[in-house]
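Visitor: Please read through the structure below; I'll follow up with questions.
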Amino acid sequence: MADTTQTDAVGSENHAPRKASWRSIGPGIVVAATGVGAGDLVATLLAGSKFGYTLLWAAVIGCLVKISLAEAAGRWHLATGRTLFDGWHSLGSWTTVYFAGYVVVWGFVYGAAAMSSSALPLAALFPGTMDLKLWAVLCGLAGLVFVWFNRYAVFEKVMTVLVGVMFLVTVYLAIRVTPRLDAAFAGLAPVLPDGSLVYTLGLIGGVGGTITLAAYGYWVNAKGWTNTSWMKVMRLDNRVAYFTTGIFVVAMLIVGAELLHSSGVALAKGDKGLLDLSAVLEEHYGRATAKLFLVGFFATSFTSLIGVWHGVSLMFADFAAKFRPSLVPAGTNPARSLPFRVYLLWLTFPPISLLFLDQPFGLIVVYGVIGALFMPFLALTLLWLLNSSRTPAQWRNGLLSNAMLGAAGLLFVVLCVQQLWELLR
């Protein structure tokens with residue numbers, strides 16, 4: 001897989017830069033939609049409910065951090081003609097050991113979480129029709145069938161439609177609760193109220209921050225962008241996507257600040273907190289608004305599910321190809337390869353067992369540890385790769401990129417320590 005991409009990139013290196021067009025936007029929307037899940041909605045709502053608009057600045061900084069990380073991943077793919085896993089592999093065998101453990105354990109637990117998250121709004125929209133666990137199984141199977149049989153172009157279009165639903169619903173809710181613009185602008189000033197540090201770090205580091213940031217370069221290649229002539233297009237795509245995410249996050253924080261903070265309503269932690277919000281919306285604005293929110297909730301959760309099913313399976317196919325190139329023959333579509341489909345099945349069927357059993361404590365601890373380590377791993381390895389001779393001199397990091405990736409790495413190390421401390425407690 002990597003060798004084919006490299007040939008395309010080197011052979012096309014002298015192509016003139018492509019014109020950055022709005023019609024070209026796609027992979028950025030996919031990565032942003034996949035990274036923002038129901039858990040991010042709850043985190044943003046809780047921050048708004050506890051501190052009003054005070055932490056709005058943290059949400060904005062969080063989007064800038066994600067822009068820098070996704071841009072770095074995309075730049076590596078386009079500038080070198082090599083995949084991100086190929087870059088990690090060049091840093092030593094320790095990266096392979098970590099990634100192998102990560103995709104196996106993380107995929108097992110995440111599969112169950114993604115299915116449950118997608119099932120919650122469906123069970124609320126159609127009460128009494130089916131058990132929540134069966135809704136979850138159907139969501140997982142639907143994601144499997146959709147990704148298995150559709151090519152990237154169809155996948156991107158469906159993701160874009162679902163993002164549009166998410167966007168319209170959240171912006172509508174933000175307008176409906178009548179935001180106080182003076183308070184919102186005041187929230188752009190960096191302030192840390194007492195007890196807000198964890199929420200601040202979560203807003204900066206958590207919204208849209210998952211392994212799917214690493215998958216961005218793979219979606220860039222799947223789009224057909226394979227060399228530096230696409231660099232301007234990729235950067236526009238990335239910025240527009242995370243600008244959209246920024247509006248999405250700000251809208252949810254407004255809902256938390258206006259609807260929950262002012263009335264002192266508390267939400268449950270986790271995805272079920274969104275069901276609490278649905279009940280609050282129905283009480284204040286009627287059943288239609290509550291149902292509309294549940295549709296947006298489903299769009300948010302299901303984009304994360306099918307995004308991971310597609311993007312992380314691409315990464316696993318690349319991982320497998322490093323050890324058995326015959327598994328992904330040169331010139332073939334990795335999304336039609338055996339490793340891609342094996343990982344799709346891994347994300348779907350083994351996690352179903354977790355839906356019907358109490359999740360083993362030991363597994364959850366391992367999942368939490370390797371998950372907490374991934375974002376520091378991504379930020380710091382990108383910093384390493386893009387400042388080394390592995391990257392052509394023209395496309396290595398400048399001062400701004402180094403500052404952003406360095407700050408992201410430091411932030412994620414702090415978040416990692418905080419999450420590990422919570423696990424140990």
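Visitor: Considering region 294-336 alone, what residues qualify as being among the polar types (S, T, N, Q) and surrounded by fewer than 22 Cβ atoms within 10 Å (Cβ to Cβ)? Give the derivation first.
Guide: Step one: filter region 294-336 for residues among the polar types (S, T, N, Q), giving 300-301, 303-304, 313, 326, 332-333.
Within region 294-336, Ser326, Thr332, Asn333 qualify.
Visitor: Out of the residues in region 16-45 that are under 12 Å from the mean Cα position of the chain (by Cα) and farther than 27 Å from Leu383 by Cα, which is surrounded by the fewest Cβ atoms within 10 Å (Cβ to Cβ)?
Guide: By that ranking, first place goes to Gly39.
Visitor: I'd like the residue in region 376-402 that is part of a helix (DSSP H, G or I) and of a type in the set (Ser, Thr, Tyr) and, out of all such residues, is surrounded by the fewest Cβ atoms within 10 Å (Cβ to Cβ).
Guide: Quick first cut of region 376-402, residues part of a helix (DSSP H, G or I) only: 376-385, 393-395, 399-402.
If we keep only those that are of a type in the set (Ser, Thr, Tyr) as well, we get 381, 401.
Numbers: Thr381: 21, Ser401: 18.
So the residue we want is Ser401.
Visitor: Any idea which residue in region 326-336 is farthest from Ala222 (Cα to Cα), counting only those that are touching a residue at least 40 places away in the same chain (Cβ under 8 Å) and among the small types (Gly, Ala, Ser)?
Guide: Result: Ala330.
Visitor: If you check Val249 against the conditions, is it aliphatic (A, V, I, L, M), crowded, with 18+ Cβ neighbours inside 10 Å and either at pLDDT 90 or above or assigned to a helix (DSSP H, G or I) (or both)?
Guide: On the way: aliphatic (A, V, I, L, M): yes; crowded, with 18+ Cβ neighbours inside 10 Å: yes; either at pLDDT 90 or above or assigned to a helix (DSSP H, G or I) (or both): yes.
In short, yes.
Visitor: Here's another thing I want to ask about it. Restrict the check to region 191-202 and report whether at least one residue is among the hydrophobic types (A, V, I, L, M, F, W, C), over 19 Å from Phe412 (Cβ atoms) and modelled with pLDDT of 90 or more. Working first, answer last.
Guide: In the first step, residues of region 191-202 are kept if they are among the hydrophobic types (A, V, I, L, M, F, W, C); the result is 191-192, 197-198, 201.
This time we only want the ones that are over 19 Å from Phe412 (Cβ atoms), so: 191.
Add one more test, that the residue is modelled with pLDDT of 90 or more, and what stays is none.
There is no residue in region 191-202 that is among the hydrophobic types (A, V, I, L, M, F, W, C), over 19 Å from Phe412 (Cβ atoms) and modelled with pLDDT of 90 or more.
Visitor: (1) more than 17 Å from Tyr102 (Cβ to Cβ); (2) touching a residue at least 40 places away in the same chain (Cβ under 8 Å); (3) in contact with a Leu (Cβ under 8 Å, 6 or more places away or on another chain): which one isn't true of Leu305, the others all being true?
Guide: (3)
Visitor: Does Thr210 count as buried (at least 18 other Cβ atoms within 10 Å of the Cβ) and either at pLDDT 95 or above or not in a helix (DSSP H, G or I) (or both)?
Guide: On the way: buried (at least 18 other Cβ atoms within 10 Å of the Cβ): yes; either at pLDDT 95 or above or not in a helix (DSSP H, G or I) (or both): yes.
Yes: the conditions hold for Thr210.
Visitor: Okay, moving on. Does region 314-338 hold any residues that are small (Gly, Ala, Ser) and within 16 Å of Val103 (Cβ to Cβ), and which are they? If you could, list the steps in order and put the result at the bottom.
Guide: So the first thing to find is which residues in region 314-338 are small (Gly, Ala, Ser), and the list is 317, 320-321, 326, 330-331, 335, 337.
Of everything in region 314-338, those that are small (Gly, Ala, Ser) and within 16 Å of Val103 (Cβ to Cβ) turn out to be Ala317, Ala320, Ala321, Ser337.
Visitor: Additional query: Looking only at region 213-239, count how many residues are of a type outside the set (A, V, I, L, M, F, W, C) and surrounded by fewer than 24 Cβ atoms within 10 Å (Cβ to Cβ). Spell out the reasoning first.
Guide: Going through region 213-239, the residues of a type outside the set (A, V, I, L, M, F, W, C) turn out to be 216-218, 221, 223-224, 226-229, 232, 235, 237-239.
Within this subset, residues satisfying the condition of being surrounded by fewer than 24 Cβ atoms within 10 Å (Cβ to Cβ) are 223-224, 226-229, 232, 235, 239.
The total comes to 9.
Visitor: From the list Ala214, Ala189, pick out the single residue that is more than 22 Å from the chain's Cα centre (by Cα) and within 28 Å of Ser68 (Cα to Cα). So that I can check it myself, show each step before the final result.
Guide: Values: Ala214 fails: more than 22 Å from the chain's Cα centre (by Cα).
The unique qualifying residue is Ala189.
Visitor: Which ones in region 294-325 are among the hydroxyl-bearing types (Ser, Thr, Tyr) and within 16 Å of Gly217 (Cβ to Cβ)?
Guide: The one that is among the hydroxyl-bearing types (Ser, Thr, Tyr) and within 16 Å of Gly217 (Cβ to Cβ): Ser313.
Visitor: Moving to a separate point now. Search region 62-83 for residues being among the basic types (Lys, Arg) and more than 14 Å from Gly35 (Cβ to Cβ), and hand back the single one that is surrounded by the most Cβ atoms within 10 Å (Cβ to Cβ). Full working, then the answer.
Guide: Applying the first criterion (among the basic types (Lys, Arg)) to region 62-83 yields 66, 75, 82.
Narrowing the set further to residues that are more than 14 Å from Gly35 (Cβ to Cβ) leaves 75, 82.
Values: Arg75: 25, Arg82: 22.
Out of the qualifying residues, it is Arg75.
Visitor: Over 18 Å from Phe297 (Cβ atoms), over 20 Å from the mean Cα position of the chain (by Cα), at pLDDT below 90 and of a type in the set (Gly, Ala, Ser): which single residue out of Gly128, Gly92, Gly48 fits that description? Lay out the reasoning, then the answer.
Guide: Values: Gly92 fails: at pLDDT below 90; Gly48 fails: over 18 Å from Phe297 (Cβ atoms).
Within the list Gly128, Gly92, Gly48, the selection yields Gly128.
Visitor: Within region 257-277, identify whether any single residue is farther than 23 Å from Leu141 by Cα, out of contact with any strand residue (DSSP E or B) (no Cβ under 9 Å at 6 or more places or on another chain) and modelled with pLDDT of 90 or more, and answer yes or no.
Guide: Checking region 257-277: not a single residue is farther than 23 Å from Leu141 by Cα, out of contact with any strand residue (DSSP E or B) (no Cβ under 9 Å at 6 or more places or on another chain) and modelled with pLDDT of 90 or more.
Visitor: Looking at Val147, is it modelled with pLDDT of 90 or more, part of a helix (DSSP H, G or I) and surrounded by 15 or more Cβ atoms within 10 Å (Cβ to Cβ)? Write out each step before concluding.
Guide: Numbers: modelled with pLDDT of 90 or more: yes; part of a helix (DSSP H, G or I): yes; surrounded by 15 or more Cβ atoms within 10 Å (Cβ to Cβ): yes.
For Val147, the condition - modelled with pLDDT of 90 or more, part of a helix (DSSP H, G or I) and surrounded by 15 or more Cβ atoms within 10 Å (Cβ to Cβ) - is met.
Visitor: Another one. On the basis of being part of a helix (DSSP H, G or I), without any contact (Cβ under 8 Å) to a residue 24 or more places away in the chain and surrounded by fewer than 21 Cβ atoms within 10 Å (Cβ to Cβ), does Ala153 make the cut? Walk me through how you get there before you give the answer.
Guide: Numbers: part of a helix (DSSP H, G or I): yes; without any contact (Cβ under 8 Å) to a residue 24 or more places away in the chain: yes; surrounded by fewer than 21 Cβ atoms within 10 Å (Cβ to Cβ): yes.
Spelling it out, Ala153 is indeed part of a helix (DSSP H, G or I), without any contact (Cβ under 8 Å) to a residue 24 or more places away in the chain and surrounded by fewer than 21 Cβ atoms within 10 Å (Cβ to Cβ).
Visitor: Across region 271-303, what is the number of residues that are closer than 14 Å to Asp40 by Cα and among the hydroxyl-bearing types (Ser, Thr, Tyr)?
Guide: 3
Visitor: Name the residues in region 173-200 that are part of a helix (DSSP H, G or I) and surrounded by 15 or more Cβ atoms within 10 Å (Cβ to Cβ), would you? If you could, list the steps in order and put the result at the bottom.
Guide: Of region 173-200, the ones part of a helix (DSSP H, G or I) are 173-176, 181-186, 197-200.
Listed by number, the residues that qualify are Leu173, Ala174, Arg176, Ala183, Ala184, Ala186, Tyr199, Thr200.
Visitor: Give region 210-241 a look and list any residue that's hydrophobic (A, V, I, L, M, F, W, C) and farther than 28 Å from Gly107 by Cα, or say none. Explain how you work it out, then say what you get.
Guide: Going through region 210-241, the residues hydrophobic (A, V, I, L, M, F, W, C) turn out to be 211, 213-215, 219-220, 222, 225, 230-231, 233-234, 236, 240-241.
Trp230, Met231, Val233, Leu236, Val240, listed by residue number.
Visitor: For region 52-87, enumerate the residues that are within 26 Å of Ala251 (Cβ to Cβ), touching a Phe, Trp or Tyr at 6+ places or on another chain (Cβ under 9 Å) and part of a loop (DSSP other than H, G, I, E, B).
Guide: Tyr53, Leu55 - these are the residues of region 52-87 that are within 26 Å of Ala251 (Cβ to Cβ), touching a Phe, Trp or Tyr at 6+ places or on another chain (Cβ under 9 Å) and part of a loop (DSSP other than H, G, I, E, B).
Visitor: Another question, then. Those residues that are under 21 Å from Trp88 (Cβ atoms), assigned to a loop (DSSP other than H, G, I, E, B) and either modelled with pLDDT under 90 or of a type in the set (Val, Ile, Thr) (or both), I need them from region 325-347; list them, please.
Guide: Val328, Ala330
The values are calculated or read from the model by the stated rules, or taken from the named source; none is laboratory data. Not measured: the values here are computed from a predicted model. All Cβ positions, glycine included, derive from the backbone under ideal geometry; neighbour counts span all protein chains shown.
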